[in-house]
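Trainee: Take this structure, written in structure tokens, and hold onto it; I'll ask about it next.
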């Protein structure tokens, strides 16, 4: 009974809804407003048609190789006539298309009608559809479909390329589009130039000359010195004593009379100062002049020509902005006699950035065989202080041709990593020599003016990392006697291979300097004695033998989250 009442109520509700609905009207024809005339401004950009194809396939022929001649079986060759087509057997290129990346493109179809008399070519131009879904529907930029060779940056176009491609977004359109010419000229006038790497150093008249051999060994004065390019050259120049004072390349003023421009194309000039002058005699002995402000010009004296330039060393100081602030030149002057027909000149140039101390390295990170061992001192409470000359940090006595110890003072040879060296001299002892002054003189001879306290463990150890430096251990082997003089200095450098077995790096682990002394006996009056003085360096490899290592087997450490069984537990 209740189910029947419920069904009846549903029927009544349905009838009530049908009665309340408004009556349906007949369908009226829809009238749309007339479309305005189609103009380029009213049509959206996405509905515009693409430009005409760039390549006309009807004029494209890839088999046309001969100029003004008909190529065999090349049906698209415009140089071929009807008589030539009768000799063809087939078309070598039957289909010529444009860009295969377009979704729809023109295709030129070539074939031969062999039934015609004479046989003739059949040409047909069709629309070819690209079946690939990854195709270009339309393009309006010609260069987008080609891979043009990029413009290589040079010193002339670098600023232009930086303006065009130096930001996060850039335009491939030429800079001349939409650019005011007056504003461009104004920006170029206000631009500040700076020296860049390799750019010739400009002077008032031309550029800083660094003579060098070009084709042969003869000197050429047209070689410019490049900015930040360290160079060292040697060349031969023909000379004659009678005309030496008239040859510009033998005169000091030839290398310093022109001022350097601080920055290119500027009026700020930097004069080249004379840093030092060394005079070399005919037998090769050199003397440093105390006064370098006095210019020494070539002079002819007693069939000799003196004060001619044998070597020039330039040193340029610059800022981090590429501006030259100082320039100095060190000269080596010599003499020639009338028998000399040519001389050898040497030229060098180096650069130093202002407010920075260069750190010469001997490897990165490990030492390289043949490079000098880096050494220095450690004052109280500071880092390592090194000599700016990396070949003068750790040195030994250098042998001379005379083998006279007293005449060899000051001649030092750098300690090169991996090179075992030995040098020495002979000391002539007389009865007039005193023990203590002689012992001190020999100690200074063996150790040099400043024997270092620390040696860098790696070739690139920094001065502030004191723990990367190995202290030098000093040992003394002497006899119990009243007068002891040192006769030998032995330096033992122990090094080991560090790092990967594939690319091991050389690392110094210990340095020992051993001084050996002997007893100086008093000689009778008028007697002499000669004793040898030696200095040596030995490099010892103390690397442990490589042992194979095996990785441990992986272990399973499976852990379930604490609520893994939630909500069951």
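The values are calculated or read from the model by the stated rules, or taken from the named source; none is laboratory data. The structure displayed is predicted, hence computed values, not measured ones. Glycine also receives a Cβ, built like all others from the backbone with ideal geometry; neighbour counts cover every protein chain displayed.
Trainee: Please state which of the following conditions residue 467 fails to meet, knowing it meets all the rest: (1) in a helix (DSSP H, G or I); (2) more than 31 Å from the chain's Cα centre (by Cα).
Mentor: (2)
Trainee: Among strands (runs of 3 or more DSSP E) lying entirely in the range 222-294, which contain 2 or more residues that are over 26 Å from residue 340 (Cβ atoms)?
Mentor: 272-280
Trainee: On to the next question. Does the range 213-258 hold any residues that are in contact with a strand residue (DSSP E or B) (Cβ under 6 Å, 6 or more places away or on another chain), within 17 Å of residue 316 (Cβ to Cβ) and touching a residue at least 40 places away in the same chain (Cβ under 8 Å), and which are they?
Mentor: Once the filter is applied, which keeps residues that are in contact with a strand residue (DSSP E or B) (Cβ under 6 Å, 6 or more places away or on another chain), within 17 Å of residue 316 (Cβ to Cβ) and touching a residue at least 40 places away in the same chain (Cβ under 8 Å), the range 213-258 yields 225, 228, 230, 231, 232, 233, 255, 256, 258.
Residue by residue, here is whether (1) within 40 Å of the chain's Cα centre (by Cα); (2) at pLDDT below 85; (3) surrounded by fewer than 10 Cβ atoms within 10 Å (Cβ to Cβ) holds:
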| position | (1), (2), (3) |
| --- | --- |
| 457 | yes, no, no |
| 460 | yes, no, no |
| 485 | no, no, no |
| 492 | yes, no, no |
| 529 | no, yes, no |
| 538 | yes, no, no |
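Trainee: Which of the residues belonging to the range 104-135 are part of a loop (DSSP other than H, G, I, E, B) and farther than 12 Å from residue 91 by Cβ?
Mentor: Once the filter is applied, which keeps residues that are part of a loop (DSSP other than H, G, I, E, B) and farther than 12 Å from residue 91 by Cβ, the range 104-135 yields 115, 116, 117, 118, 130, 131, 132, 133, 134, 135.
Trainee: Among the residues of the range 410-435, how many are in a loop (DSSP other than H, G, I, E, B) and surrounded by fewer than 18 Cβ atoms within 10 Å (Cβ to Cβ)?
Mentor: Looking only at that region, the number is 9.
Trainee: Also, quick follow-up: For residue 318, which of the numbered conditions (1) farther than 22 Å from residue 221 by Cα; (2) touching a residue at least 40 places away in the same chain (Cβ under 8 Å); (3) exposed (fewer than 15 other Cβ atoms within 10 Å of the Cβ) fails to hold?
Mentor: Condition not satisfied by residue 318: (3).
Trainee: Of everything in the range 210-234, what is over 27 Å from the mean Cα position of the chain (by Cα) and surrounded by 17 or more Cβ atoms within 10 Å (Cβ to Cβ)? Give them in sequence order.
Mentor: If the condition is that a residue be over 27 Å from the mean Cα position of the chain (by Cα) and surrounded by 17 or more Cβ atoms within 10 Å (Cβ to Cβ), then 219 is the only one that fits.
Trainee: If only one of 489, 475 is in contact with a strand residue (DSSP E or B) (Cβ under 8 Å, 6 or more places away or on another chain), in contact (Cβ under 8 Å) with a residue 60 or more places away in the chain and not in a loop (DSSP other than H, G, I, E, B), which one is it?
Mentor: Criteria check complete, one pass: 489.
Trainee: Continuing with the same structure: Looking at (1) modelled with pLDDT under 85; (2) touching a helix residue (DSSP H, G or I) at 6+ places or on another chain (Cβ under 8 Å); (3) not assigned by TED's automatic domain parsing to the domain that holds residue 255, can you tell me which one residue 362 breaks?
Mentor: (1)
Trainee: Within the range 66-102, track down each residue that is surrounded by 15 or more Cβ atoms within 10 Å (Cβ to Cβ), within 30 Å of residue 132 (Cβ to Cβ) and modelled with pLDDT of 85 or more.
Mentor: Correct list: 74, 75, 76, 91, 92, 93, 96.
Trainee: Turning to a different aspect of this structure: Test residue 197 against the criterion of being part of a loop (DSSP other than H, G, I, E, B), surrounded by 11 or more Cβ atoms within 10 Å (Cβ to Cβ) and at pLDDT 65 or above, and give yes or no.
Mentor: No.
Trainee: Continuing with this model, one more query. With the checklist (1) assigned to a strand (DSSP E or B); (2) farther than 27 Å from residue 379 by Cα in hand, flag the one item residue 553 doesn't pass.
Mentor: (1)
Trainee: Further, regarding this structure: Examine the range 494-502 for a residue that is over 30 Å from residue 428 (Cβ atoms), out of contact with any strand residue (DSSP E or B) (no Cβ under 9 Å at 6 or more places or on another chain) and either surrounded by 16 or more Cβ atoms within 10 Å (Cβ to Cβ) or touching a residue at least 12 places away in the same chain (Cβ under 8 Å) (or both), and state whether such a residue exists.
Mentor: yes
Trainee: Taking the conditions exactly as written (out of contact with any helix residue (DSSP H, G or I) (no Cβ under 9 Å at 6 or more places or on another chain), modelled with pLDDT under 85 and closer than 22 Å to residue 197 by Cβ), does residue 402 satisfy them or not?
Mentor: No, not satisfied.
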